[in-house]
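FYI, it's all coordinate maths here, none of it is from the lab. Since the model is a prediction, treat every value here as computed from it, not as a measurement. Cβ atoms come from the backbone with ideal geometry, glycine included; neighbour counts cover every protein chain shown.
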Amino acid sequence: MSQDYDVLVVGGGVVGCAIARELSRFKVSAAVLEKEMDVGLGTSCRNSGVLHAGFNYAPGSLRAILDVKGNSMMDDLCRDLKVKIKRIGKLTVALDEEDEGTLQRLLEQGRANGVPGLEIIGKERMQAIQPGVEGFMALYSPTSSIISPYALTIGLAENALANGVNFHLGQQVVSVTPLAGKGWEVGTKSGERFTCAVLVNASGLFAADVCRMAGITEYSIYPCRGEYYVLDKRLDGTLRALIYPAPKKNAPGLGIHLTPTVDGNILIGPSAEYLNDPEDHSCTYDVMAELRREGKELLGEIRMTDYIRNFAGIRPKQTPPEVGGNKDFVIEDRKDAKGFVNLVGIESPGLTSAPAIAEMVRGMVEKHIPLLPDPAFNPVRPGSPFFFSELPADERAAMIAENPNYGEIICRCEKITKQEILDAINNPLGARTLVSIKYRARASMGRCQGGFCVPRITRILRDEFGWNPEDFLKRGGSSPMFVGNVRPKGGVSR
Amino acid sequence: MSTRELTCVVCPGGCTIVVDVDNDETPVVTRIQGNNCPRGEAWARQEVENPMRTIASSVPVRGGDFPLVSVRTLRPIPLTKIREVMEEIRTLSLEAPVEIGSVVLASPAGCDTEVVATRRVKAAAPCAGA
Amino acid sequence: MNVKTLETTKRDVVVIGGGPAGLAAAIAAKEAGCGDVLLIERDRILGGILNQCIHDGFGLHTFKEALSGPEYAARYIDRFHELGIEAMEETIVLSLTSDRVVEVSTRGTLRRIRAGAVILAMGCRERTRGAISIPGNRPSGVYTAGAAQNFMNLENIMVGRKVCILGSGDIGLIMARRMTLEGASVEAVFEILPYSSGLPRNIQQCLNDYDIPLFLNTTVTEIVGKGRLEGIRVASVGEDRAPIPDTERFIACDTLLLSVGLIPENELSRDAGVAMDPVTGGAVVNDSFMTSVDGIFACGNVLHVHDLVDWVSVEAAEAGKFAAGYVRSGREASSCRIPVRPGSGVRYTLPQSVSGERDCILSLRVAAPWRNRCIVVKSGEREVARKKEMRLHPAEMIRIPLKKEALSGCSSLEVTVE
């Protein structure tokens, strides 16, 4: 027995969830198939969280058009979805003569792309924005911003869900077969079957694999890993804007830089290394040493005790390392496969472009099925973009008096309350892993890395939700936290 | 004949004591050197011929504010008996309340000691972990 | 409830932390005559880290008995309640100002407390995998040793079955034994230094007794596993503590415990502008245990990491006594400051200054293991105190008493190993 939908979106990353949310405006039945136990666990949660202004892309390219459009949509979107965004602006800094020419070229390119507010500024204004910044000249882009990429992904998914899109987590697509009449039959690893009129391939690192399942063989994905360091919040405030060096030709990325996060940390990275395995999220000795070296050069105040964590994200590149560079997005309504809307190589600026990509995809879906607006669509997601600890003391006191759970602190480093933990556990998508709680409530992302909160969260899940040791999964079925009890529950029976 | 080097634990001095041992199966000490006092010599002999240990473990408790009560042996037991004592401890189960010092197992594996509770566990609403 | 401004109450002595340091400090403050002592503890029970230390060896000096952690804690908790001292459990201090206002949060209540004196007794946290940048993936099955101890001893949860341990400090050694006794297989303990930082008694009773090998000069170079830990790569290290490439080998295991150091939890201290000592990771104090901020005292692991709880209790009692004195007199016991500096062979000394107006005890740690040396305290060329030690080890805190008479006329002190 298969589940039938008008539209199936394969891939629950920020792009897939943005598409789902866009489709939920209409009276269509839609579902997202996501192979992990939660949304956004691929590339979407593993990047710098930067919303790019759009001056780095060739005019007329999809990256240019969709990034600028997406960036302009973010204020409304974040307001509606209750996602924190900080429009901190960016300085792209010239360190030598070659860079000066690059900045001029970027300014013209940005203007051609319709990037608002771009200007070249000199040392004085640079110092006013970021005291102590290196360089004699910079391109200032006020619309460059930072956001939590997993908060955005979750926000999009939850709003799509509230508006009627189904999310099938833990469903890895293994077969895509055209249906005689119209549309597709999709089979998953667990043996489930789905059918749809239109299939949207938003599977990121696996886009080429899903293409091949449908008989489309011209694409290949070349995984390119970027490693990061997360720095302690002690340094919060030292970076007031994004500071990037002027880009050099043919680099696979934008180079190692420091990025402040919307929650007060600083990221060093990303590096760039081509791999075979699209899921090898390891961090390596040499790259970490390089990140430390570069980080210290960029920000002298960094101490050894400031490094609190490493992670890695993988870019779905379309060209092999010998070729390098950055190809444009592939977003196409396949002529040779009716009802197959294909997205390939959505790396940076995929995050910024996501809402605009969703609109473009909607336009393609519309060619196949009528999309009638759903008057019941509610763009607003309940909740707050802020963590409880970010609210003023008086407000907190009042909320605590009404709901005692707000007074009980579970994550000491990040000051996360029991109510926020409970909300994360009870998330509408039904994601039931430790990282799901982490990405929603921020617990375990502080300097003690879960040493204080994880035992307490364990106790809550066990005592209040009835979990047994084997139910505790870090990210999914293959990552159990524990192996059992020390002594049998309820004692030894005689 | 073999030689073992031990760090004495009788006092903070921590003398390095070198012991000559005959027959590693049932060790017999033939010579002791390096101790600064007779207590060290006695300890070294005991440590080689019949090492004594205290152990600590846990026993599940029903109806308490903790799922487990920590327990320990009051006096040292032979190292060779640890496995057997642990097996006996694993069969135990208690009801709250439990007082510190209460005997949960007398003469474990026939040794001259008791296993006592080391945490106070109050009777409480059922704790899901117990 | 309509709250316009946050309610602020006044208390004389506020103790932050209800572990062995906080308990001893609160008791001492009360016994020194301060009627209004409040202790704030974030866990649901008092006792701090002692609650999960079920092995014995605590209290040899204080009680002449080898107690387990919970028993040692119970002695102080009983005395604490006997004295009628108030405790706020399950309460976290969100902030501390330099004029001694704490903001505290607990179920149903957010409030501010203005303290006559504050005693910092927050203890320490464990150094994490992220802080030492172990390469590899981030599967489940990697725990700090203390967290695993918490799960096992307090939550009845077994974290794994085939265990490797990085770090030969006592916490790692204790957990090697604990997990073995509960049926896990501990494959090995790895230590990056050329010597173990654990007590010899623990090397024997936690490793040798169970044939668990200890590899010195070795570190973990990669954590392997996509979902759950599958194994680790280890390599020998040279004098620079960097891995030697050809020595790398793979060891299959499902659990890695990290016992790689303790970090005093001084976030609140920094909030309040307390001057810190980069070597101890804790506050700079004088012999009344007052920090650089008036009326803020510090003791226990938050001040410097201890190895014997008995000395935590002694130190905390001093801090409690002086905090009570501060509240009573409205000022510090003495403004005189004779700086104390670590010299050759000494990693740090504490307190970092003494008043010279009373007997006191210097705590110190040596920089390397030695046998048969003397700890010498000098003021210029004049010897102020000397103590012979048969066994000196960085992992074992050494204490040397200083007599008031010997300190007269001193302008500064230096402590060396001879």
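Footprinting exposure proxy ranking of C:K378, B:K122, fewest other C-beta atoms within 10 angstrom first, gives B:K122, C:K378. By the beta carbon rule, with partners counted only under 4.7 Å, chain A holds these lone Cys residues: A:C17, A:C45, A:C78, A:C196, A:C211, A:C224, A:C283, A:C413, A:C448. Oblate is the label for chain A, because a/c, from the alpha-carbon gyration tensor with a ≥ b ≥ c as root eigenvalues, is 1.5 or above and a/b does not exceed b/c.
Taking 0.36 nm per residue of sequence separation and removing the Cα-Cα distance, the A:A180/A:E97 pair yields an extension gain of 23.7 nm.
Normalised by the number of residues in chain A, the average gap of Cα pairs under 8 Å and 6 or more apart makes the relative contact order 20 percent.
Scanning residues 5 or more positions from C:I157 or on other chains, those with amide H under 5 Å from its amide H are A:V486, C:M152, with H placed 1.01 Å from N in the peptide plane. Placing unit charges on the Cβ atoms only, positive for Lys and Arg and negative for Asp and Glu, gives chain C a dipole magnitude near 440 debye about its Cα centre.
Look at the Cα gyration tensor of segment A:300-395: its axes a ≥ b ≥ c give a/c of at least 1.5 with a/b at or below b/c, and that counts as oblate. Restricting the calculation to alpha carbons of segment A:16-119 gives Rg and Dmax of 17.1, 56 angstrom. Listed values for segment A:406-414 are Karplus-derived 3J(HN,Hα) couplings in whole Hz (6.51 cos²θ - 1.76 cosθ + 1.60, θ = phi - 60°), namely 6, x, 8, 8, 9, 9, 5, 5, 9, and x replaces Gly and Pro. Based on DSSP, what percent of beta bridges with both residues in the protein assembly as shown are antiparallel, to the nearest 5? The antiparallel proportion sits near 70 percent. Expressed per residue, the C-alpha convex hull volume of the protein assembly as shown stands at 199 Å³. Near the amide H of A:R225, within less than 5 Å, lie the amide hydrogens of A:E273, A:Y274, A:L275, A:R315, all on another chain or at least 5 residues away, with H placed in the peptide plane. Our estimate of slack between A:A376 and A:Q104, defined as 0.36 nm per intervening residue step minus the Cα-Cα distance, is 93.1 nm. The simple Förster model, with R0 at 30 Å and r as the Cβ-Cβ distance, assigns B:T7 and C:K403 a FRET efficiency of 0.40.
The calculated Kirkwood hydrodynamic radius for segment C:128-260 is 14.5 Å, given to one decimal from all distinct C-alpha pairs. Relative to the longest principal axis of the Cα atoms of chain C, the long axis of helix C:20-31 makes an angle of roughly 20 degrees. If a/c stays under 1.5 just call it rounded; otherwise compare a/b with b/c (prolate if a/b is bigger, oblate if not). Do that for segment A:1-59, with a ≥ b ≥ c from the square roots of the Cα gyration tensor eigenvalues. In terms of gyration-tensor shape, oblate. Taking the Cβ of C:E155 as the centre, find all other residues whose Cβ is under 12 Å away and add up their charges (Lys, Arg: +1; Asp, Glu: -1). Local charge sum for C:E155: +4.
In this Cβ point-charge picture (+1 for Lys and Arg, -1 for Asp and Glu), the protein assembly as shown has a dipole of about 1020 debye about its Cα centre.
Dipole magnitude for segment A:360-494: computed about the Cα centre from +1 point charges on Lys and Arg Cβ and -1 point charges on Asp and Glu Cβ, it is near 720 debye.
Between 0 and 90 degrees, the angle of helix C:69-82 with respect to the longest Cα principal axis of chain C falls at about 20 degrees. With helices as the sole contributors, chain A gives -9000 deg cm²/dmol at 222 nm; each DSSP H run of n ≥ 4 counts as -39500 (n - 2.57), and the sum is divided by every residue.
Annotation note: chymotrypsin sites (Phe, Trp or Tyr not before Pro) in segment A:118-159 located in DSSP loop regions with a Cβ neighbour count of at most 16 within 10 Å are A:F136. Listed cross-link partners A:K27/A:K335; A:K418/A:K474; A:K84/A:K189 are compared with a 29 Å cut-off, the Cα-Cα value being larger for A:K84/A:K189.
Couplings 3J(HN,Hα) for segment C:143-158, derived from phi with the Karplus relation 6.51 cos²θ - 1.76 cosθ + 1.60 (θ = phi - 60°), are 9, 6, 4, x, 5, 4, 5, 4, 4, 5, 8, 10, 10, 6, 10, 8 Hz, where x marks Gly and Pro.
Where Lys and Arg each count +1 and Asp and Glu each count -1, what net charge lies around C:I113 among other residues with Cβ under 13 Å from its Cβ?
Numbers: positive: C:K10, C:R11, C:R100, C:R111, C:R112, C:R114; negative: C:E7, C:D12, C:D36, C:E86, C:D99, C:E103.
Charge balance near C:I113 sits at 0.
A cut-off under 13 angstrom between Cβ atoms defines the neighbours of C:S236, and their net charge, with Lys, Arg +1 and Asp, Glu -1, is -2. Sorting the Cα pairs of chain C by distance into bins of 10 Å, from 0 upward, gives 5, 21, 28, 25, 16, 5, 0 percent per bin.
Model label points for C:D99 and A:A128, set 7 angstrom from Cα along the Cα-to-Cβ axis, are 3.5 nm apart. Taking a straight Cα-Cα cut-off under 12 Å and skipping sequence neighbours fewer than 8 places away in the same chain, the aspartates and glutamates within cross-link reach of C:K226 are A:D277, A:E279, A:D280, C:D254.
Shielding value for A:404-410 is 6, the average number of Cβ atoms from other chains within 10 Å of each residue's Cβ. Rounded to the nearest whole Hz, the Karplus-based 3J(HN,Hα) values (6.51 cos²θ - 1.76 cosθ + 1.60, θ = phi - 60°) of segment A:142-148 follow the sequence x, 8, 5, 9, 10, 8, 8, with x at glycine and proline. Bridgeable aspartates and glutamates around A:K327 (alpha carbons under 12 Å apart, same-chain partners fewer than 8 residues away excluded): A:E347.
When only Cα pairs below 8 angstrom with a gap of at least 6 residues are kept, chain C shows a relative contact order of 16 percent.
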